[in-house]
Amino acid sequence: MSDEEHHFESKADAGASKTYPQQAGTIRKNGYIVIKARPCKVVEVSTSKTGKHGHAKCHFVGIDIFTAKKLEDIVPSSHNCDVPHVNRTDYQLIDISEDGFVSLLTESGSTKDDLRLPTDENLLTQIKEGFAEGKDLIVTVMSAMGEEQICALKDIGPK
């Protein structure tokens, strides 16, 4: 063949898709769906009767899991919708920097320093107050479609 060496640019991820297809008629309340390219938690599903063109329609109302905005979509029930892969991971809080980033301890013992404090005021004050009091805090990080955000907090007692 050829004696040339080939170099390929490699990406960090394994090429896994951020979403998977699911038939619109099978998506239920409290599930997840992608509406307008945003991962949403479904809060309301209503299905219309079959019309003259033979498709029943599903009306989805979802709340963006990162921005809490309400989004709506109408899809024929036999068509496929994108459903985001949503993961929740718990990390121990190590430090909060002045610029609003948190330092977290992973399961493997390494640190994760690329997350900002949450924008939710209530959760933000709970994290800051608990950290100032020297409590051991576990934060739950939700990740979907390449985004991550702190979504919950657990107190596992004083240090």
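Below, the figures for the structure above:
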{"read-out": "Within region 52-82: backbone nitrogen closer than 13 Å to the residue 147 label point (7 Å, Cα to C-beta)", "value": "63-71"}
{"read-out": "Assigned charges on the beta-carbon of Lys, Arg, Asp, Glu; the chain dipole about Cα centre (debye)", "value": "1380"}
{"read-out": "Amide proton proximity set for residue 81, modelled H, under 5 Å, gap of 5+", "value": "22, 23, 24"}
{"read-out": "Descending principal axes extents, the chain, alpha-carbon based, whole Å", "value": "65, 61, 24"}
{"read-out": "Average accessible surface area per residue within region 56-149, 1.4 Å rolling probe, Å²", "value": "55"}
{"read-out": "Among 25, 54, 130: highest mean-square fluctuation, GNM of the chain, C-alpha pairs under 10 Å", "value": "54"}
{"read-out": "Reachable lysines, given that their alpha-carbon falls under 24 Å from the alpha-carbon of residue 57 and they are not under 8 places away in the same chain", "value": "29, 36, 41, 49, 69, 70"}
{"read-out": "Most positive-pole-ward Cα, 124, 156, 92, against dipole of region 80-159 from beta carbon charges", "value": "156"}
{"read-out": "Cα-based helix-to-principal-axis angle, 121-132 vs the chain, degrees rounded to 10", "value": "20"}
{"read-out": "Net charge, residue 153 excluded, C-beta distance under 14 Å - Lys, Arg +1, Asp, Glu -1", "value": "-3"}
{"read-out": "Choice from 44, 147, 98 showing the highest fluctuation, given a GNM over the chain with Cα pairs closer than 10 Å", "value": "98"}
{"read-out": "Rh (Kirkwood; distinct C-alpha pairs) - region 101-143, Å", "value": "11.3"}
{"read-out": "Heavy-atom accessible surface of the chain: percent carbon and sulfur, 1.4 Å", "value": "49"}
{"read-out": "Placed amide H near residue 65: partners under 5 Å, 5+ positions off or other chain", "value": "40, 41"}
{"read-out": "Which of 153, 137 is most accessible, then next, and so on - probe 1.4 Å", "value": "153, 137"}
{"read-out": "Cα-based shape type of region 68-109, given that a ≥ b ≥ c are square roots of the gyration tensor eigenvalues and the cut on a/c is 1.5", "value": "oblate"}
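The values are calculated or read from the model by the stated rules, or taken from the named source; none is laboratory data. Quick caveat: nothing in here was measured; it's all calculated off a predicted structure. Glycine also receives a Cβ, built like all others from the backbone with ideal geometry; neighbour counts cover every protein chain displayed. Only protein heavy atoms, including side chains, enter the accessible area calculation; ligands, DNA and RNA are left aside. Shrake-Rupley method; radii C 1.70, N 1.55, O 1.52, S 1.80 Å.
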